[in-house]
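*Asks:* Below is one structure. I have some questions about it.
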Amino acid sequence: GESVGLHLPTLSVQEGDNSIINCAYSNSASDYFIWYKQESGKGPQFIIDIRSNMDKRQGQRVTVLLNKTVKHLSLQIAATQPGDSAVYFCAEKREDNYGQNFVFGPGTRLSVLP
Amino acid sequence: DTGVSQNPRHKITKRGQNVTFRCDPISEHNRLYWYRQTLGQGPEFLTYFQNEAQLEKSRLLSDRFSAERPKGSFSTLEIQRTEQGDSAMYLCASSLEVRGYEQYFGPGTRLTVT
C-alpha cells in the first residue's frame, strides 16, 4: 500500500555539521507535508511544513526541500547542535475515499556527536 | 502553561476494562486530533475534530474506540474492553484552522494493558 517512509533509520553527525534527513512518499496526490521532532518522553514538535506548490521552504536553521518528481522530501538542519538530537518524522496530509488524515513515517533518530 | 495537556500521563489497566483519556487543547485552537504511537513507530492518526464535530475517523479504528468533544473545547477518548494490543502512547494535538495544519502535540497518555 502507499506509505510515507524514511531512507535511514539512524543518523549520526558531528556537532556543527549540517544534517540531512530524507523521506520518501508514494502518494502523488498529497499536497502538504510536515516535519516533526520528537524528544524522548515528549510529544512531537512541529518544525516546518511545505505545500506541494513549493519546492523549498526555510525556517530558523532548517530547510525543507520537496521534489515532487521523485516523491522525495528532505529536512536540512544547519550547524547541528546537541539539542537537535531526537527522532524526526515526516508526515503527509492525505485525502482518500475515507477522508483526510495525516500519515507519519517511521522516523529517523538523529544523534549529535560532541 | 498554555500548551496541550493530557490526563492521565500514565494508565495501567487490566484487559477487558474500559479507559478514558482527556485532552485539553490550546484554548483558541478549534481543531483537535488524536493519534496512537507504539514504540519505534510514528504516530498513527485516529480521529479529528473541528470544533465539536468529529470530521474524520480512521478506518483502522475499532468500534471499541470512541471520541467526543462536546463543547468544542476538551476532548475525551474512550477505549472499551481493552486488549493488550491497545497498549501504546495516545497523543492529542490541536491546531488553529486559520494557521493551516500546524499541530501542537501534548505529552501523551501511556496506556499499558496487562
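The values are calculated or read from the model by the stated rules, or taken from the named source; none is laboratory data. Fair warning: this is a prediction, and the values are worked out from it, not measured in the lab. Quick reminder, even Gly has a Cβ in these numbers, built from the backbone with ideal geometry, and neighbours come from all protein chains shown.
*Asks:* Cβ-Cβ below 8 Å, separation at least six or inter-chain, first residue in the range B:23-52 and at positive phi, second assigned to a loop (DSSP other than H, G, I, E, B): which pairs?
*Replies:* Final answer for the pair search is B:G40/A:P106; B:G40/A:G107; B:N51/B:N30; B:N51/B:R69; B:N51/B:G72.
*Asks:* Here is a list: A:Y88, A:Y25. Which entry is modelled with pLDDT of 95 or more and closer than 20 Å to B:G42 by Cα?
*Replies:* A:Y88 is the lone residue from the list that is modelled with pLDDT of 95 or more and closer than 20 Å to B:G42 by Cα.
*Asks:* Is the range A:3-13 home to any residue that is modelled with pLDDT of 95 or more and in a loop (DSSP other than H, G, I, E, B)?
*Replies:* no
*Asks:* Another question, then. So which residues in the range A:41-70 are touching a residue at least 24 places away in the same chain (Cβ under 8 Å) and surrounded by 17 or more Cβ atoms within 10 Å (Cβ to Cβ), if there are any at all?
*Replies:* A:P44, A:I47, A:I48, A:V62, A:V64, A:L66
*Asks:* A further question on this structure: Considering only the range B:48-60, how many residues are assigned to a strand (DSSP E or B) and at the interface with chain A (Cβ under 9 Å from one of its Cβ atoms)?
*Replies:* Of the residues in the range B:48-60, 4 are assigned to a strand (DSSP E or B) and at the interface with chain A (Cβ under 9 Å from one of its Cβ atoms).
*Asks:* Any idea how many residues of the range B:63-107 are loosely packed, with under 15 Cβ neighbours inside 10 Å, within 14 Å of chain A (Cβ to nearest Cβ) and either touching a residue at least 12 places away in the same chain (Cβ under 8 Å) or under 14 Å from the mean Cα position of the chain (by Cα) (or both)?
*Replies:* Number satisfying all stated conditions: 1.
*Asks:* Within the range A:64-114, track down each residue that is of a type in the set (V, I, T) and over 23 Å from A:N18 (Cβ atoms).
*Replies:* Scanning the range A:64-114 gives A:T69, A:V103.
*Asks:* Within the range A:67-112, which residues are hydroxyl-bearing (S, T, Y) and either more than 18 Å from A:G43 (Cβ to Cβ) or over 11 Å from the mean Cα position of the chain (by Cα) (or both)?
*Replies:* A:T69, A:S74, A:T80, A:S85, A:Y98, A:S111
*Asks:* Tally the residues that are under 18 Å from A:Q38 (Cβ atoms) and either in contact with a Leu (Cβ under 6 Å, 6 or more places away or on another chain) or of a type in the set (D, E, K, R) (or both), restricting the search to the range A:48-73.
*Replies:* Final tally of qualifying residues: 4.
*Asks:* Looking only at the range B:61-71, count every residue that is at pLDDT 90 or above, in a loop (DSSP other than H, G, I, E, B) and under 16 Å from B:A88 (Cα atoms) and tell me the total.
*Replies:* So the answer is 1.
So that you can scan it fast, the table gives a plain yes or no per residue for (1) over 28 Å from A:W35 (Cβ atoms); (2) small (G, A, S); (3) part of a strand (DSSP E or B):
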{"position": "B:K11", "(1), (2), (3)": "yes, no, yes"}
{"position": "B:H29", "(1), (2), (3)": "no, no, no"}
{"position": "B:Y33", "(1), (2), (3)": "no, no, yes"}
{"position": "B:G42", "(1), (2), (3)": "no, yes, no"}
{"position": "B:Y101", "(1), (2), (3)": "no, no, no"}
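*Asks:* Could you please find all residues in the range B:8-53 being among the polar types (S, T, N, Q), within 15 Å of B:S73 (Cβ to Cβ) and either in contact with a Pro (Cβ under 9 Å, 6 or more places away or on another chain) or surrounded by fewer than 16 Cβ atoms within 10 Å (Cβ to Cβ) (or both)?
*Replies:* Listed by number, the residues that qualify are B:S27, B:Q50, B:N51.
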